[in-house]
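To keep things clear, I will list the structure first and then write my remarks on it.
What follows draws every value from the coordinates through simple rules; no lab data is involved. The shown structure was predicted, so the numbers you read here are calculated from the model rather than taken from an experiment.
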């Protein structure tokens, strides 16, 4: 279990390291006060955050689920 936690934390840190520099930004030549521009920028930030959160959390949770299933199968055979 400890190995899974350490690997999961390393994976999450790696995803954060890759995703933070790619955070959406608004070019200086665009109006930041235009409602349509603000909406598009907000949507881009939301999508980026959701994509990175999914990439950070889904693989460790999948490995945890597979480990749980394997341990149940091994304990059922004994």
Cα long-axis angle, helix 2-19 against the chain (0 to 90 degrees, to the nearest 10):
20
Per GNM of the chain with C-alpha springs under 10 angstrom, the most fluctuating residue out of 55, 64, 28 is 28
What residue among 35, 24, 59 shows peak mean-square fluctuation when the chain is described by a Gaussian network model with Cα springs under 10 Å?
35
Over the chain, what is the relative contact order in percent, taking alpha-carbon pairs closer than 8 angstrom and at least six residues apart?
40
Nearest 10, in degrees from 0 to 90: the angle of helix 35-77 to the longest Cα principal axis of the chain is 0
Could you work out the helix-only [θ] at 222 nm for the chain, with each DSSP H run of four or more residues adding -39,500 (n - 2.57) and the total divided by the number of residues, to the nearest 500 deg cm²/dmol?
-28500 deg cm²/dmol
Candidates 36, 56, 44; GNM for the chain (alpha-carbon contacts under 10 Å) flags as most fluctuating 36
Any idea what % of Cα-Cα pairs in the chain are farther than 14 Å?
71
